[in-house]
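> Dropping the structure in here first, questions after.
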Amino acid sequence: MLKGSDLIGVPVVASDSGKAFHQTQDIIVSLEHQRLAGFLIAKGGWAGHAQVVPWSEVLSASPSAIVVRSGGSVVDARSVPELQRILESDRRLRGTRVCTTDGIELGTITDLFFSRKTGEMQGYEVCGRLLGEATSHCVFLSVTYSLNLEGRTAWVPPDVIAVVKRQIESARQVDLTQPKANNRPSYHARGDIRDSRLMSLAGLARGKHLLWDIRSPEGYLIAARGQQVTEAMLQRAVAQNRLRELLRAAGVTMSERQESPDNRP
């Protein structure tokens, strides 16, 4: 799965020459078809026109590079009516507030997730003081919960609240941000986090890139392939008893624990 924000500022590489010749300026999303339609390469202006890469020209996409068929894959937006229409409409999901149809404000859409193979939209990240919480939270909402857009507000069905509550409760199971006396994170959760070996390995995973997606038992995304492991990501993994899987995806092994400075005599 691809995270939209991870695909911005990424080099565009031509498959036929292997050369990087542009960087993505933004993602272009078709709200009508709920998919990644392409990438904005240059915004254009009075001296020129917007340059884009249609999704059909993309061979592979990752946070490290967008590989396209050739240098000719970057075209004038006017030659691709769908992309030109999307750019002219300037309709964006990021920054849109989310409310239930019975009037409860949930938060703001901060990111989008797409299928790595097809570009189809998989879900949204919604952040804010959800349901009146004292602190901010971020939750994942699947596209199965359809959005009804009206201006800068996205309306969702009331049953989304149950999903949000479950994810907030899961996050409360663990606190990785409060340091202990030895300045290491404090872990409070059930399941595999009780294994002291996993706790010692968690710190070694920070900053490493994941080799595959990590999902909760319910199927929502905890972390996407290619992302760097962060403290917040570890928190989500622990809350969902997916720390062991995250460590494997980050390539962290028991041998690394044995070789780390904290475990040397």
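The values are calculated or read from the model by the stated rules, or taken from the named source; none is laboratory data. Please read these numbers as outputs of a predicted model, since none were measured by experiment. A quick note on method: Cβ atoms are made from the backbone with ideal geometry, for glycine too, and the neighbour counts reach across all protein chains shown.
> Quick one: which residue in 91, 85, 97 is more than 19 Å from residue 154 (Cβ to Cβ) and surrounded by fewer than 19 Cβ atoms within 10 Å (Cβ to Cβ)?
Step by step, each of 91, 85, 97 is checked, and only 85 is more than 19 Å from residue 154 (Cβ to Cβ) and surrounded by fewer than 19 Cβ atoms within 10 Å (Cβ to Cβ).
Residues checked against (1) over 19 Å from residue 226 (Cβ atoms); (2) assigned by TED's automatic domain parsing to the domain that holds residue 119; (3) surrounded by fewer than 19 Cβ atoms within 10 Å (Cβ to Cβ):
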residue: 8; (1), (2), (3): no, no, yes
residue: 12; (1), (2), (3): no, no, no
residue: 24; (1), (2), (3): no, no, no
residue: 33; (1), (2), (3): yes, no, yes
residue: 36; (1), (2), (3): no, no, no
residue: 40; (1), (2), (3): yes, no, no
residue: 50; (1), (2), (3): yes, no, no
residue: 56; (1), (2), (3): yes, no, yes
residue: 63; (1), (2), (3): no, no, no
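For every residue, the table says whether it meets (1) touching a Gly at 6+ places or on another chain (Cβ under 7 Å); (2) touching a residue at least 12 places away in the same chain (Cβ under 8 Å); (3) in the same structural domain as residue 237 (by TED's automatic domain parsing).
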position	(1), (2), (3)
107	yes, yes, no
110	no, yes, no
113	yes, yes, no
117	no, no, no
124	no, yes, no
128	yes, yes, no
134	no, no, no
138	no, yes, no
144	no, no, no
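> Given the residues 165, 180, 117, which is the only one that is modelled with pLDDT under 90 and more than 25 Å from residue 239 (Cβ to Cβ)?
The match here is 117.
> Go through (1) more than 25 Å from the chain's Cα centre (by Cα); (2) within 11 Å of residue 50 (Cβ to Cβ) and name the single condition residue 70 misses.
(2)
> Filter the stretch 122-162 down to residues that are surrounded by fewer than 18 Cβ atoms within 10 Å (Cβ to Cβ) and aromatic (Phe, Trp, Tyr) and give me whichever is modelled with the highest pLDDT.
155
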